[in-house]
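The values are calculated or read from the model by the stated rules, or taken from the named source; none is laboratory data. Just so it is clear, the structure is predicted and the values come from calculations on it, not from any experiment. Virtual Cβ from ideal backbone geometry, glycine too; neighbours counted across all protein chains shown.
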Ligand SMILES: Nc1ncnc2c1ncn2[C@@H]1O[C@H](COP(=O)(O)OP(=O)(O)OP(=O)(O)O)[C@@H](O)[C@H]1O
Ligand SMILES: [Mg+2]
């Protein structure tokens, strides 16, 4: 097994004791099982910006906080310094989102540390103590699909209450652990209040989960949790314990069907992860 260069500093400073095996390699990162703090963990090793795909587009990063105006100007100009700043901001975005969401009660892997372009986090396991499968690797009875859908919708609600939209939520980025679904893969998480595309991206996120689980439980396909959530959020009426119905009476505003279609096409262009 070839150990990626980025893991060497962590091995040298003892944060990681052993690299056990690769788990997955996606477009954005390579994921390894490692031993850290004496137990099995996941090391997510980010790839260089050049190898990444749609998720770093401006419509995702709009409204993100940066440390100072020099940084922002440099990032907008695209200078070398700016690119380095953008790269650092991208990589820390996931660990920042994980801490924020865990505090908001969202079920995400517990982060251990972020260092040298590597995120160390809890290894999620299934009931057989194997790495947890993705939703797309599983089959569901209609009842299981209904329950998992309700759970993931509530997670999206908690995220929105914490001011974030996942931005790449789908059956590929939800793992089915022994304790139930867990949301992963957050470097592109979107600032719900500061990003003009937040509503469209939330609808796409919700649509992806509903479309997948709706194959096992067709009545789900009629639900409109995304619109309902966003409507309540805009009126500052969405709270962690708000009971959603999945029904939406619509509004005077025309649905942004084109925008959602554009987002779906952009996501489809992004190749899907391959298991080793
Ligand atoms: N904490 C974890 N526990 C178990 N498996 C994990 C964990 N984090 C990631 N994985 C596995 O690694 C895969 C890739 O992780 P993730 O989706 O975060 O990376 P990515 O490269 O950004 O994604 P993509 O492949 O969608 O571009 C996941 O689909 C999952 O199978
Ligand atoms: Mg992923």
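Considering only strands (runs of 3 or more DSSP E) fully contained in the stretch 1-116, which possess at least 1 residues that are within 14 Å of ligand 1 (Cβ to nearest atom), modelled with pLDDT of 95 or more and within 21 Å of residue 167 (Cα to Cα)? Explain how you work it out, then say what you get.
On the way: elements: 18-25, 29-36, 39-46, 111-115.
Filter on the stretch 1-116 gives 29-36, 39-46, 111-115.
Which one is surrounded by the fewest Cβ atoms within 10 Å (Cβ to Cβ), of the residues in the stretch 117-141 that are in contact with a helix residue (DSSP H, G or I) (Cβ under 8 Å, 6 or more places away or on another chain) and in a helix (DSSP H, G or I)?
136
Does the stretch 183-205 contain at least one residue that is more than 16 Å from ligand 1 (Cβ to nearest atom) and part of a strand (DSSP E or B)?
Looking for residues that are more than 16 Å from ligand 1 (Cβ to nearest atom) and part of a strand (DSSP E or B), one finds at least one in the stretch 183-205, hence yes.
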